[in-house]
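Here is the structure we will look at, set down as structure tokens.
The values are calculated or read from the model by the stated rules, or taken from the named source; none is laboratory data. These numbers come from a predicted model, not from an experiment. Note that each Cβ is placed from the backbone with ideal geometry, even for glycine, and that neighbours are counted across all protein chains shown. Heads up: the accessible areas ignore ligands, DNA and RNA and are worked out on the full protein's heavy atoms, side chains in. Shrake-Rupley method; radii C 1.70, N 1.55, O 1.52, S 1.80 Å.
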Amino acid sequence: MSFKRKMGNAHNESSMKVLLSERTFKGHRKTYMEWLSHVPGVEFFIIAPENFGIDDKHFRKYESTGGIKTVKEYLAWINQMKDIVEQNKIDIVHILDGDSIMRWFGFGLSFSKARKTVITYHHFFPGAVRRWSYRLMCHGKKRMCVAHTVSVEHSLKECGIKQVFRCEYPAFSFDSIASRNPAKCKEKYGIPSDVPTIGIVGGLSIYKNIIPFLETMQNCCQDFHILICGKDSGVGKEKIQTAVKPYADRVTMKIEHLSDDEYEEAIVASDIIFCIYGREFDGASGPLTDGVCAGKLILACKHGSLGEIVSQNLLGITAECDDSKDMLCKTELALSRIVEFKYGEMANKYRMHLNPELFQERYKNIYEVE
């Protein structure tokens, strides 16, 4: 199936007006906003770090480079949104990254001239203080929130939030990933074609549980190769090198920022996508989503959203993230099954559900909720 991006003129004189606000374009966030800003029948106004083709009268640059970490930065951002709402008679304010502003407990998010405020959460963070923040950020009839997974949706509802909607995180590069040749991608990275490759791809963040997994792999009895590709986002290159030292000849590393092509090639070159993230993580995963596009076996944590997605849709194998014996056992099981592994009906149904046009349609429906 081919998923073509709908990027035409999306508004007319009578369309609703939506302000999209995003503070960073790290990871998939720029692509996320590009797709969302072309939902048919909606006139979008944008606050973002850079313009991606929006006409100037609909774009306002987000100036801060350090994020919304101080009261001054937060109030400047709030006032920027309020100015746009009042000047352009905005119907809906949509904050695309509610995770990054939880420390402010929803202060200032009441836009009296707007019909409602929508907040998207990409993850769920546990804890009593955070629960209060979720409640206050989404308090009132004019506020609603969006989650990308069933698990996060359920957790937000448990916080007492009444208007919670789910919009599955899509595969924005479905066509590109699905069309790539695994053999050529393996050749480009110089990894063997006769040994199963476990891909640790994307930002190398601490919450991804990478070092404990790599340390566990020194006891693996199956043949394997590991491809580690992505920007170091806190794990540390030296720690990675130390962890893989006992089997360094079976590891290929490219620890740096990846272009879109390099990222997709790393996904397709892998046979197994590593997603055994730590317990502090509960949300959608880009590598999991893109790995599913490529028909890969997903090796995920048993808890939270990732475990639920993999187990319910028969996408691979899950393991306890804090149990080294279980991680090793499940990894060896995945390696032993990779030759015969193929997606069945459930997995393929989920794969087709990642259509980014469905993502656009779902958000359009959310905007239209009264």
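Over 20 Å from Lys113 (Cβ atoms), within 26 Å of the chain's Cα centre (by Cα), among the basic types (Lys, Arg) and not in a loop (DSSP other than H, G, I, E, B): which single residue out of Lys30, Lys72 fits that description? Walk me through how you get there before you give the answer.
Numbers: Lys72 fails: within 26 Å of the chain's Cα centre (by Cα).
Selected residue: Lys30, the only one of Lys30, Lys72 that is over 20 Å from Lys113 (Cβ atoms), within 26 Å of the chain's Cα centre (by Cα), among the basic types (Lys, Arg) and not in a loop (DSSP other than H, G, I, E, B).
Have a look at Ile206, Ile200, Ile210 and point out the one that is open to solvent by 50 Å² or more (accessible area, probe 1.4 Å), aliphatic (A, V, I, L, M) and touching a residue at least 24 places away in the same chain (Cβ under 8 Å).
On the way: Ile200 fails: open to solvent by 50 Å² or more (accessible area, probe 1.4 Å); Ile210 fails: open to solvent by 50 Å² or more (accessible area, probe 1.4 Å).
It is Ile206.
What's the total number of residues in region 79-122 that are assigned to a strand (DSSP E or B) and surrounded by fewer than 18 Cβ atoms within 10 Å (Cβ to Cβ)? Steps first, please.
Restricting attention to region 79-122, the residues satisfying the condition of being assigned to a strand (DSSP E or B) are 92-95, 116-121.
Of the ones still in play, those that are also surrounded by fewer than 18 Cβ atoms within 10 Å (Cβ to Cβ) are none.
Adding up the residues that qualify gives 0.
Just give me the residues in region 334-350 being assigned to a helix (DSSP H, G or I), surrounded by 15 or more Cβ atoms within 10 Å (Cβ to Cβ) and not small (Gly, Ala, Ser), in sequence order. It would help to see each step written out before you state the result.
Initial filter on region 334-350 (assigned to a helix (DSSP H, G or I)): 334-337, 345-350.
From the residues that got through so far, the ones that are surrounded by 15 or more Cβ atoms within 10 Å (Cβ to Cβ) too are 334-335, 347-348, 350.
Once the filter is applied, which keeps residues that are assigned to a helix (DSSP H, G or I), surrounded by 15 or more Cβ atoms within 10 Å (Cβ to Cβ) and not small (Gly, Ala, Ser), region 334-350 yields Leu335, Asn348, Tyr350.
Which pairs turn up if I take residues in region 334-350 that are over 16 Å from Leu299 (Cβ atoms) and look for partners that are in a helix (DSSP H, G or I) with beta carbon separation below 7 Å, at least 6 apart in sequence or on another chain?
Met346/Asn313; Tyr350/Val292; Tyr350/Asn313
Given the criterion polar (S, T, N, Q) and in contact with a strand residue (DSSP E or B) (Cβ under 9 Å, 6 or more places away or on another chain), identify the matching residue among Ser151, Ser173. Show your work before the answer.
Values: Ser173 fails: in contact with a strand residue (DSSP E or B) (Cβ under 9 Å, 6 or more places away or on another chain).
Only one candidate passes the filter, namely Ser151.
Do we find a residue being modelled with pLDDT of 90 or more, farther than 16 Å from Leu96 by Cα, out of contact with any His (no Cβ under 8 Å at 6 or more places or on another chain) and open to solvent by less than 70 Å² (accessible area, probe 1.4 Å) anywhere in region 55-67?
Yes, there is a match, as at least one residue in region 55-67 is modelled with pLDDT of 90 or more, farther than 16 Å from Leu96 by Cα, out of contact with any His (no Cβ under 8 Å at 6 or more places or on another chain) and open to solvent by less than 70 Å² (accessible area, probe 1.4 Å).
Just name the residue that is farthest from Arg279 (Cα to Cα) out of those in region 293-307 that are touching a residue at least 40 places away in the same chain (Cβ under 8 Å) and assigned to a helix (DSSP H, G or I).
Only one residue fits best here, namely Cys293.
For region 138-151, give me the residue count where each residue is under 21 Å from the mean Cα position of the chain (by Cα) and farther than 14 Å from Gly283 by Cβ.
So in region 138-151, the residues under 21 Å from the mean Cα position of the chain (by Cα) come out as 144-151.
Now drop any that are not farther than 14 Å from Gly283 by Cβ, which leaves 144.
Residues flagged as under 21 Å from the mean Cα position of the chain (by Cα) and farther than 14 Å from Gly283 by Cβ within region 138-151 amount to 1.
Per-residue answers, yes or no, for (1) over 26 Å from Glu340 (Cα atoms); (2) charged (D, E, K, R); (3) in contact with a Cys (Cβ under 6 Å, 6 or more places away or on another chain):
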site: His154; (1), (2), (3): yes, no, no
site: Ser176; (1), (2), (3): no, no, no
site: Lys184; (1), (2), (3): no, yes, no
site: Tyr189; (1), (2), (3): no, no, no
site: Val201; (1), (2), (3): no, no, yes
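Would you mind listing the helices (runs of 4 or more DSSP H) fully within region 173-258 where at least 3 residues are among the charged types (D, E, K, R)?
Working: elements: 174-178, 182-189, 210-216, 237-243.
Counting at least 3 such residues, we get 182-189, 237-243.
Find the residue count for region 262-292, including only residues that are within 14 Å of the chain's Cα centre (by Cα), not in a loop (DSSP other than H, G, I, E, B) and not hydroxyl-bearing (Ser, Thr, Tyr).
Summing the residues that are within 14 Å of the chain's Cα centre (by Cα), not in a loop (DSSP other than H, G, I, E, B) and not hydroxyl-bearing (Ser, Thr, Tyr) in region 262-292 gives 8.
Please tell me if Val310 is part of a helix (DSSP H, G or I), at pLDDT 95 or above, under 13 Å from Ala334 (Cβ atoms) and open to solvent by less than 30 Å² (accessible area, probe 1.4 Å). Write out each step before concluding.
Details: part of a helix (DSSP H, G or I): yes; at pLDDT 95 or above: yes; under 13 Å from Ala334 (Cβ atoms): yes; open to solvent by less than 30 Å² (accessible area, probe 1.4 Å): yes.
So Val310 fits the description; yes.
For a quick check of your reading of the model, give me the residue pairs whose first member lies in region 240-259 and is in contact (Cβ under 8 Å) with a residue 60 or more places away in the chain and under 19 Å from Asp223 (Cβ atoms), whose second is of a type outside the set (Lys, Arg) and part of a helix (DSSP H, G or I), with beta-carbon atoms closer than 6 Å and at least 6 apart or on different chains.
From residues that are in contact (Cβ under 8 Å) with a residue 60 or more places away in the chain and under 19 Å from Asp223 (Cβ atoms), the pairs are Thr252/Tyr189.
Between Phe172, Phe224, which is of a type in the set (A, V, I, L, M, F, W, C) and in contact with a Ser or Thr (Cβ under 6 Å, 6 or more places away or on another chain)? Quick ask: steps written out before the conclusion?
Details: Phe224 fails: in contact with a Ser or Thr (Cβ under 6 Å, 6 or more places away or on another chain).
Answer to the selection: Phe172.
Could you count how many residues in region 134-160 are among the aliphatic types (A, V, I, L, M) and touching a residue at least 60 places away in the same chain (Cβ under 8 Å)? Full working, then the answer.
In the first step, residues of region 134-160 are kept if they are among the aliphatic types (A, V, I, L, M); the result is 136-137, 144, 146-147, 150, 152, 156.
Filter once more, so that each one left must be touching a residue at least 60 places away in the same chain (Cβ under 8 Å): 144, 146, 150, 152.
The total comes to 4.
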